[in-house]
Amino acid sequence: MNIQHFEKGLQYSDRQLMQIARKLGKLATYCKRVKDESSAIRVEAEQRSTKKERDSMKVTVTVELPGKTLRAESRRPNPVEGVDRCIEKLEPQIKRYKEMRMPRQKRTSRSRS
């Protein structure tokens, strides 16, 4: 798993970087392909001046998996909260991707149970 961070208009603190990396690592619990070398996670954070203070930070998380690109975007007051929200949005997408990649026989036996 390759994680890339891009910051625009802000600088992550060391603590924030560790928190973000830990949270992104939890995505791997949903699908083994996220840990794979062929997958990549890209985190983009942008500080913007807006009328609403809670929308000042725009965070985009892109997960590139074999055969699929998953994406989530969030606007929050700080980057760690933005990554949290993006992970909440990515979880169902990753689960759907995992089901789609599962052999048809296993999918049908699971839905019957």
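Each value in this text was obtained by applying a stated rule to the coordinates, not by laboratory testing. Predicted model, so just to flag it, every value in this text is computed and none were measured. FYI the Cβ positions are ideal-geometry reconstructions off the backbone, even for glycines, and counts take in every protein chain you see.
Given 20 °C and 1.002 mPa s, compute D for segment 2-112 with the Stokes-Einstein relation, Rh being the Kirkwood radius over Cα pairs; round to the nearest whole µm²/s.
In µm²/s, the coefficient is 144.
Take every DSSP beta bridge whose two residues both sit in the chain, then give the antiparallel share in percent to the nearest 5.
That works out to approximately 70 percent antiparallel.
Listed here are the pairs Lys8/Lys58; Lys8/Lys68; Lys58/Lys98; Lys26/Lys58; Lys58/Lys95; which of them are more than 18 Å apart at the Cα?
Distance filter (> 18 Å) returns Lys8/Lys68; Lys58/Lys98; Lys26/Lys58; Lys58/Lys95.
Count the net charge of all other residues whose Cβ sits under 14 Å from the Cβ of Gln93, scoring Lys and Arg as +1 and Asp and Glu as -1.
Charge balance near Gln93 sits at +4.
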